[in-house]
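The values are calculated or read from the model by the stated rules, or taken from the named source; none is laboratory data. Small disclaimer: the values here were computed from a predicted structure and weren't measured. Counting neighbours? That spans all protein chains shown, and the Cβs are built from the backbone with ideal geometry, glycine included.
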Amino acid sequence: MYRKRILIGVVSTSLFILLGVAVLKAASSRNEPRISTKKVLILGFDGLDPQILERLVKAGKLPNFKALMDSGEYRPLATSIPPLSPVAWANFITGMDPGGHGIFDFIHRDPHTMIPYLSTTRTEAARRTLRLGNWVIPLSAGKVTLLRQGKAFWQVLEEHGIPTTIVRAPSNFPPVKSGQHQLSGMGTPDLQGTYGMFSFFTDEPVGRYTIDSGGDVFPVQRVNHHVQAKLVGPRNSFRVDAPPSTVNFNVQIDPVNPVAKIAIQDQQFLLNEGEWTPWIHIQFEMIPYMTGVKGMVRFYLKEVRPHFKLYATPINIDPSAPAMPISTPEIYSQELFEEIGPFYTQGMPHDTKALSNGILDDAEFLQQATIVFDEHMRLFEYELNRFKSGLLFFYTDRVDQLGHMFWRTMDPRHPAHDPASKYSHVIDETYKNMDKILGKARERLDSHTTLIVMSDHGFAPFYRAFNLNTWLNEQGYVKLMDKPAKDGAEFFAHVNWGETTAYGLGINGLYINLRGREPSGVVQPGSERDALMNGIARKLLAVRDPKTGEQVIRRVYKAEEVYSGPALQEAPDLIIGYNRGYRASWKSVLGKFPRTLFEDNTDKWSGDHAMAADLVPGVLIANRKIKSPDPALIDLAPTILNEFGLSKENEMVGSNLFSATHSTLKP
C-alpha cells in the first residue's frame, strides 16, 4: 500500500459532505437475510509473505498457523498484475482481473486531460450553485463514486439472502450498494479528502523539516508558556475559492515539568511528554451557527523543551457522525462506535509519512501502530462474538505497513540498515499478532465453518529506485521542452507531447501516447503501437543496475495479454514487473524526471511488493482441501459463492478452489 499526498479529487470534500452524500441503501429487491448453519470466516492479512510465514512456522513461533496448515491446506496465492493492494483486493472482491474491475494501479490518468487521479474513487461537486456575495449555495448534491467495476461477491450473497459482514475491505469506498454490514477500508480518506495528512506544530526553525508528502509543518511561537495554533480541516465549499476550514486550539506549557495542557473547543487534555490524547471530537464550522463538519483527531506531545513539538493525526471521519459514506447501513459505523469506542476510519491509518519525514521516530510510530492494532482487535472481537451465520470478512494492514517501514531493520543489504537498531524483531512480531487473531478465530470454529486465511501479496526488499521517466527520456521516448525541467514539477510539466511516444505514470504503468486516445497522441494504433511496445519491452528487460550488475526489470506485461474485460481499454499499455529489490521511484510515479537513472533507497519505507507478480505471491490457508496447485486471488470469489451452493457470476474469471467432495472441516 502507498500513501502519497494526492487529493482524491480536485473537488473539495466539504461540499459533498455537507450536502449529505446519499449513503448507499440496500437494493429494494434484495432478499431478507436467512439463518443458515453454514458459515465462512475470512481473515485478510495484507502483505503476509509466504517465505516469512514458513520461516516463523518452522521456528515454532506461530502455533495457530502451524495447526491450521497441518490440519488443513496451505498454498502460495498468485497475486494480481501489478501486485498493488487496490488492484489485488479488487481481484479478490470481484473474481475478475483488472480488465474487468478497472483498477490498474493506485494512480490513473484521464486520457483526455492527462490529469492523474486516485484509481478507486471519484468526487464531484454540486453541478448547480447560487453565488450570494462571498457565499456559494449548492442547489444540487455532490457525489462520491466507487470506481471499481463489477459485482462484489457479498452482493451476490445478499441476493440469495445470505448475511454478510465486511470489515475494512480495501477498494470499497464508498461501500457498494448493499444492505449488508460494511465498513470501508483502504481508500477511505481523511476529512481533507487525502489518504492522510498529519499536522506538526513546532517552534523549531521550519527549515529543519523537508516534508515531501503526507503532512504539513506549522510554525508556532511560545509566548509566556502558551502556544496558539490551528488545525486545518476540509475546504469550505460554501465560500468563494473554498478556503480551508480551521479549528483554533491553545496549549499551556508547564514552566518546570515536561507537561502541557491542550484546550480545544471546550475540551481540555493534560499530557506528559511522550503521551497521546484520546480521540478528540471536533467540528469545523462551514456556515456560522448553521452547519459544520465533524471529525476526530489525536495529539501526541513529542517534546516540551528545548523546543515545542506537537503531532496531530490526520483528521478522521467521525464514525459516530460520519461526514462521508463509510458504512452500510449508515448506522453501522455508529453502532461500532457505541460498542467499541472511537477508531481510525482512515483507510490507511498507519502514519508512514510521519516516520519517513522524521516527525515520528521508530518508537513513536510503533506506539501509533499499536493504537491502530488495538482498535482493529476490538472491531474483530466484536464481530466474531456475534458471528452466527453467513460470512464474516475481517481485514488488517498491520503486516503490510510495518513490513514497508521496518524491512531495513532486518536486512543488512538495505541502504538504510542500521546494525544497532533495536527493532529487527518488529516484522516477526507482526506475524505473531496475526497468529493471535487466527487463534481467536480457531476458538470459535465448528464443523459448519469454513476458515480462509489469505493475503493479497507477499513482500520483498526495496533497495534501489528506478526512474522510469528519466529512462524513457534518455531513450528518446519522452521529449522535454527544456533540459532544466528535469526533477522539476510533477505531472509531466515541460513534456513536449508532440514528440513523445511513451510515458510512465503510477507505480507500474507505462502508456503509449496513442493517437485518438491521448489529447496529443502521435502513435498510430495497431502495428505501430505493437512495434513500439515490443521495442520498449526488449530494452527494459536489458536494463542492468550499474552498481550491482543485476537485472532491474524481470517482466514487462502487455495489457491485452494479461487482462480481459470491458475496462481493458483504460489499462496502461505495458505493466512493469520489477525485479526483487527494485521499484519505480516516487518521483517517476507522478511524472517527474529526476536527473539520475538510479537512486539508493535510504527512506524508512524499505520493503515493497510493486514487482513482478511471481516474486511476491500471497498466502492461502484453509481448513478445506484445496484442489488447485496454483490458486489465485481471482479464484476466491467463486470459491466463496460455491461454499454457499451458488454458481459464480458470468463475468468472474476465477474458479472454485475447493474439492467437489466436502471434507471434514477442521480447526
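Only one residue in Tyr563, Tyr557 is hydroxyl-bearing (Ser, Thr, Tyr) and under 23 Å from the mean Cα position of the chain (by Cα), so which one is that?
Sole residue among the options that is hydroxyl-bearing (Ser, Thr, Tyr) and under 23 Å from the mean Cα position of the chain (by Cα): Tyr563.
Pick from region 536-568 the residues that are more than 15 Å from Leu597 (Cα to Cα) and among the basic types (Lys, Arg): which of them is surrounded by the most Cβ atoms within 10 Å (Cβ to Cβ)?
Arg555
Using the structure shown, decide if Ser447 is assigned to a loop (DSSP other than H, G, I, E, B) and either without any contact (Cβ under 8 Å) to a residue 40 or more places away in the chain or more than 28 Å from the chain's Cα centre (by Cα) (or both).
yes
Among the residues of region 350-384, what is the count of those that are in a loop (DSSP other than H, G, I, E, B) and surrounded by fewer than 22 Cβ atoms within 10 Å (Cβ to Cβ)?
Going residue by residue through region 350-384, those that are in a loop (DSSP other than H, G, I, E, B) are 350-351, 357-361.
The next check asks that each one be surrounded by fewer than 22 Cβ atoms within 10 Å (Cβ to Cβ); those that pass are 357-358, 361.
Qualifying residue count for the region: 3.
If you take the residues of region 223-242 that are touching a strand residue (DSSP E or B) at 6+ places or on another chain (Cβ under 7 Å) and in a loop (DSSP other than H, G, I, E, B), which of them is nearest to Asn316 (Cα to Cα)?
This residue is Asn236.
Quick one: count up the residues across region 104-120 that are over 14 Å from the mean Cα position of the chain (by Cα) and part of a loop (DSSP other than H, G, I, E, B).
Qualifying residue count for the region: 6.
Tell me which residues, restricted to region 260-282, are part of a strand (DSSP E or B) and of a type in the set (D, E, K, R).
Lys261, the sole residue that qualifies.
Look at Leu24 and say whether it is at pLDDT below 50, within 30 Å of Asn642 (Cβ to Cβ) and part of a loop (DSSP other than H, G, I, E, B).
So Leu24 fits the description; yes.
Here is a list: Pro63, Pro50, Pro82. Which entry is assigned by TED's automatic domain parsing to the domain that holds His181 and farther than 26 Å from Asn623 by Cα?
Pro82
Yes or no: region 63-76 includes at least one residue that is part of a strand (DSSP E or B), at pLDDT 95 or above, on the phi < 0 side of the Ramachandran plot and touching a helix residue (DSSP H, G or I) at 6+ places or on another chain (Cβ under 7 Å).
The first filter runs over region 63-76 and keeps only residues part of a strand (DSSP E or B), leaving 73-76.
Checking the rest, the ones that are also at pLDDT 95 or above come to 73-76.
When the remaining residues are screened for being on the phi < 0 side of the Ramachandran plot, the result is 73-76.
Imposing the further condition that a residue be touching a helix residue (DSSP H, G or I) at 6+ places or on another chain (Cβ under 7 Å) reduces the set to 76.
Yes, region 63-76 contains a residue that is part of a strand (DSSP E or B), at pLDDT 95 or above, on the phi < 0 side of the Ramachandran plot and touching a helix residue (DSSP H, G or I) at 6+ places or on another chain (Cβ under 7 Å).
Which ones in region 491-502 are in a loop (DSSP other than H, G, I, E, B) and surrounded by fewer than 18 Cβ atoms within 10 Å (Cβ to Cβ)?
Correct list: Phe491, Ala493, His494, Asn496.
When residues of region 541-569 are filtered for being in contact (Cβ under 8 Å) with a residue 60 or more places away in the chain and part of a helix (DSSP H, G or I), how many remain?
Selection size over region 541-569: 3.
For Leu191, work out the one condition from (1) over 18 Å from Thr121 (Cα atoms); (2) touching a helix residue (DSSP H, G or I) at 6+ places or on another chain (Cβ under 8 Å); (3) surrounded by 24 or more Cβ atoms within 10 Å (Cβ to Cβ) it doesn't fulfil.
Single failed check for Leu191: (1).
Does region 61-73 contain any residue that is of a type in the set (Ser, Thr, Tyr), buried (at least 24 other Cβ atoms within 10 Å of the Cβ) and touching a residue at least 40 places away in the same chain (Cβ under 8 Å)?
Kept after step one, since they are of a type in the set (Ser, Thr, Tyr), are these residues of region 61-73: 71.
Pick out the ones that are also buried (at least 24 other Cβ atoms within 10 Å of the Cβ) and you get none.
No; the residues of region 61-73 include none that is of a type in the set (Ser, Thr, Tyr), buried (at least 24 other Cβ atoms within 10 Å of the Cβ) and touching a residue at least 40 places away in the same chain (Cβ under 8 Å).
Which of the residues belonging to region 503-535 are in contact with a helix residue (DSSP H, G or I) (Cβ under 6 Å, 6 or more places away or on another chain), crowded, with 18+ Cβ neighbours inside 10 Å and either free of Cβ contacts under 8 Å to residues at least 60 places away in the same chain or not assigned by TED's automatic domain parsing to the domain that holds Val562 (or both)?
The one that is in contact with a helix residue (DSSP H, G or I) (Cβ under 6 Å, 6 or more places away or on another chain), crowded, with 18+ Cβ neighbours inside 10 Å and either free of Cβ contacts under 8 Å to residues at least 60 places away in the same chain or not assigned by TED's automatic domain parsing to the domain that holds Val562 (or both): Val523.
Out of (1) buried (at least 20 other Cβ atoms within 10 Å of the Cβ); (2) assigned to a helix (DSSP H, G or I), the odd one out for Leu620 is which?
Condition (2) is where Leu620 drops out.
Considering only strands (runs of 3 or more DSSP E) fully contained in region 570-616, which possess at least 1 residues that are under 20 Å from the mean Cα position of the chain (by Cα), of a type outside the set (Lys, Arg) and within 28 Å of Glu560 (Cβ to Cβ)?
Result: 574-578, 581-584.
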